[in-house]
Each structure stands twice: as structure tokens, then as C-alpha cells.
Amino acid sequence: MPARTLPGRRRRLRVCSRARGASRFRVIVPSLIAASAFGSVHGLLHSTAFVVARSLVLLLAVVFWLALAHWVYRDARRRMDDWWLVGTATALGALVPYLGPVIYMLFRPPETLEDIHTREIEVRSLEEQLERHEAHCPVCRAEVDVAFLVCPVCTTQLKQPCVRCEAALDRLWQVCPYCATPVVTAAEPAAPDLDAALIAEITTNGNGKPKRKRAATQRAR
């Protein structure tokens, strides 16, 4: 019996040894893969190309940061006339990288100083145009000057001349502001009285008929 059991034990030992080797192989292979991957990543991170690329990215980030701070300074000067506000905006853009310019863009004035000055000039010119009296003829709507007495297109009388200095006078003026002469308004012709004319004609005809009768009677005598 013992001689027969020896080969079976040997077989069992071989099978166990093979199973142990397979399990060891299964454990070793993943560890080798992980070690190789870690080694490749470590080698990549410490390679010359990666170091140069990282340095370039950092340099570009710093340059872009400084460019944003300079842009905030120039834009603040174009929109603000107070140096304290300009300095505050520049400090916000320089001390808070990337987020400071975004905050400045949210709270900056909507118009530049040049735009405000241009708008004021336009408003002033419009007010001056509105203040000009009789800039157009009321009849033909032609452009006329303030000193015109008559419209050169339709000959409509625009203003009355002064009797002394012949300056153009507005219709509401009572005294000439240039020579202090009272404004004399031309009296309008009175409407003819038809009743008075008829009465005068009847009276004339009535007075004439007796004269003719008297002359005829004197000739008959």
C-alpha cells in the first residue's frame, strides 16, 4: 500500500506546485504592468520635453496675466477721470489674476469719456438748432437767415425793419434793441363802411335833385 500511494502523492504535489506558480504569475503580472505604467508616467513627467512645455505654459500664463492688467489700466483711463478709481481698477486686475478683469468688466462705466464728450456736443448742437427762431420760412419752408426781412423764395415778409436803423425786428419786440427806437406797427386799412357810403350817396342825390328843379323853374319864368 505505501508503494502504491507514492506516485499519487507526487502527482498531487506537482499539481499543487503548478497551481501555486500560476497564482504567483497572476499576482506578478498586474504588479509588473502597474510598475511599468508608473515608470512611464514618471519618466514622462521628468522628461526634458515636458519640462520645456510646462515652462512655456507658465510663461504664457504670466504674460497673459500682465496683459490683462495692462488692458484694465488702459480701459479704466478711457472710462474714468478719477485717478483713485483708475488705480483701484488696475490693482484689482493685477492682484487678482484672471478673475479681477472679469469683475472690472462687470462694474466698469458703460461709456468712455470720448463718447460722453461727443454726446454732449451733439446735444448742445441740437439745443442750438431748437433755439434758433424762424430758421425756415413759414410758407414755403425754405431755409432763411435770422437777419432776413423777406423770404428770398416766396417773398413772404418774415420780419419788420426798424424805421431808424433798418435792423430786422421780431414781431413781439416793442423797441429796437440796436437803436432804442420804438417799433411802429403799420396800421391796417379800415374796412369800408357800406352804410355810410350809401347814406352819403343818397344825401348827394337828394340835394342835387332840388337844385335841378329850381334851375328848371327859374328858366321857365
### Query
Residues with beta-carbon under 14 Å from that of VAL86, excluding VAL86: net charge, scoring Lys, Arg +1 and Asp, Glu -1?
+2
### Query
Normalised by the number of residues in the stretch 134-185, what is the relative contact order in percent for Cα pairs under 8 Å and 6+ residues apart?
21
### Task
Please list, in chain and number order, the residues 5+ apart from GLN160 or on another chain whose amide H is under 5 Å from its amide H, with Hs placed from the backbone.
LEU169
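All of the numbers you see were taken from the coordinates with simple rules; none came from a lab. This one's a predicted model, so the numbers in the text were calculated from it and none came from an experiment. For neighbour counting, all protein chains shown are included, and Cβ atoms are generated from backbone atoms with ideal geometry for every residue, glycine included.
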